[in-house]
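Here's the structure we're looking at; comments come further down.
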Amino acid sequence: MSGMPPLTLRELRELAQADPALSGFSPLSARNVLLVDLAAGGISPEEQARIAAWLRQLPCPCIGMAAEGRHDSLPAQACDTLVADADAAAPLLANIQRSPVAATVLVQLLRASEPLPPADALTMESLAYAALQAGPEFGRWLAAHRASAPAAHSDHGPAVAMMREAGTLTLELNRASNRNGMTVEMRDALIEALQLVLADDSIAQVRLGGRGKCFSTGGDLTEFGSAPDPATAHLVRSLALPGRLLAQCAARVTVRVHGACIGSGIEFPAFAKRLIAAPDAYFQLPELRYGLLPGAGGTVSIVRRIGRQRSAWLMLSGRRIGAEQALAWGLVDRIEA
């Protein structure tokens, strides 16, 4: 598919009429992604609405090609993400080809959860993540990369250092030797700290940062596959997801990030009301390469900051963006040294 030319809107109209049941598209077939050139005109508003409805049900990712400022048509809004041209689409197409099942589950989740309340959207994310944990793409990645033992650290003190002064609680991720990876230990420490915030109204503000060279490189890959089964892992996320608690006290929380903010290293802080980035901060969502999707709340926190289509671009491409781009998109609120 990645070597095929994009479809025009007229071709898409004919395709939708010929295949209303979407039988020709699936991550299990050769047609596991759709690239559409949105520039072609001559389509009536009624036909545009029918095309958009067809695209929203498409059981594979749809990438629209549109020049800047031409993103307001119904078909453009229905696409999972938008790019400027075929060259810009190439890395997304390549990534989707490597993990077509995960890519499809991801875009279906983003379409369905976008209008939901955050708590319900988080439940949907966890269920989708659990399904992919039992899928063939994650299975292949895990078979090739399963660690023999969890990563060790050499840092003194708890995983999250806590300091209180009057009504201000300062929290710092304290596993610099492990790049503040989101291990089970780190997760549990964050939950304990956020439960304290939720229980104590005298904590007027919370400041969260990370020690060492970066805020967090996200989920510790050496712990991937350590859950007893996907269903149990879903239940654990339902009961113990730091982002769910952060969302409940977000108005009191300011997060400062620096260096690498990868996977849950941006999914989690994006729930905060105020997110400040150092000039060297960069952001990346690489989960698709593992046959997974963001599972620390990113399909909720990031989408509510930058929208579904930009979020899908980050998740489908796996590309990094720097602090300036993150600020322009609204992923962070300020850049501050």
### Query
Any idea which residue in the range 156-180 is surrounded by the fewest Cβ atoms within 10 Å (Cβ to Cβ), counting only those that are in contact (Cβ under 8 Å) with a residue 40 or more places away in the chain and in a loop (DSSP other than H, G, I, E, B)?
179
### Summary
Within the range 208-258, the count of residues that are touching an Asp or Glu at 6+ places or on another chain (Cβ under 7 Å) and assigned to a helix (DSSP H, G or I) comes to 1
### Task
Residue by residue through the range 74-100, note down the ones that are touching a helix residue (DSSP H, G or I) at 6+ places or on another chain (Cβ under 8 Å), over 13 Å from residue 309 (Cβ atoms) and free of Cβ contacts under 8 Å to residues at least 40 places away in the same chain.
74
### Query
In the range 181-207, how many residues are of a type in the set (Asp, Glu) and not in a helix (DSSP H, G or I)?
2
### Summary
Residue count, the range 213-228, condition over 20 Å from residue 270 (Cα atoms) and either without any contact (Cβ under 8 Å) to a residue 40 or more places away in the chain or hydroxyl-bearing (Ser, Thr, Tyr) (or both), comes to 3
### Message
Please go through the range 105-122 and give me each residue that is in contact (Cβ under 8 Å) with a residue 24 or more places away in the chain and either touching a helix residue (DSSP H, G or I) at 6+ places or on another chain (Cβ under 7 Å) or surrounded by fewer than 17 Cβ atoms within 10 Å (Cβ to Cβ) (or both), ordered by number.
### Response
105, 106, 107, 109, 110, 111, 113, 114, 118, 119, 121, 122
### Query
Right, residue 126: of a type in the set (S, T, N, Q) and either in a helix (DSSP H, G or I) or in contact (Cβ under 8 Å) with a residue 12 or more places away in the chain (or both) or not?
yes
### Query
Could you list, in sequence order, the residues of the range 278-290 that are part of a loop (DSSP other than H, G, I, E, B) and surrounded by fewer than 23 Cβ atoms within 10 Å (Cβ to Cβ)?
278, 279, 280, 286
### Task
Among what's in the range 261-275 and is open to solvent by less than 10 Å² (accessible area, probe 1.4 Å) and in a strand (DSSP E or B), pick the residue that is farthest from residue 139 (Cα to Cα).
275
### Task
List every residue pair whose Cβ atoms lie under 8 Å apart, where the two residues are 6 or more positions apart in sequence or sit on different chains, the first residue falls within the range 261-277 and is closer than 18 Å to residue 126 by Cβ, and the second residue, located anywhere, is crowded, with 24+ Cβ neighbours inside 10 Å and acidic (Asp, Glu).
263/287
### Message
Can you find, within the range 202-244, the residue that is surrounded by the most Cβ atoms within 10 Å (Cβ to Cβ) among those that are of a type in the set (A, V, I, L, M, F, W, C) and closer than 15 Å to residue 123 by Cβ?
### Response
241
### Query
Looking at the range 249-298, which of its residues are closer than 23 Å to residue 197 by Cα and aromatic (Phe, Trp, Tyr)?
268, 271
### Query
Do we find that residue 247 is among the hydrophobic types (A, V, I, L, M, F, W, C), over 23 Å from residue 316 (Cα atoms) and surrounded by fewer than 21 Cβ atoms within 10 Å (Cβ to Cβ) in this structure?
no
### Task
Restrict the check to the range 27-48 and report whether at least one residue is within 27 Å of residue 299 (Cα to Cα) and among the acidic types (Asp, Glu).
yes
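The values are calculated or read from the model by the stated rules, or taken from the named source; none is laboratory data. As the structure is a computational prediction, the values presented were derived from the model and not from experiment. Glycine gets a Cβ as well: all are built from the backbone with ideal geometry, and neighbour counts include every protein chain shown. Just the protein is used for accessible areas: all its heavy atoms, side chains included, with ligands, DNA and RNA removed. Shrake-Rupley method; radii C 1.70, N 1.55, O 1.52, S 1.80 Å.
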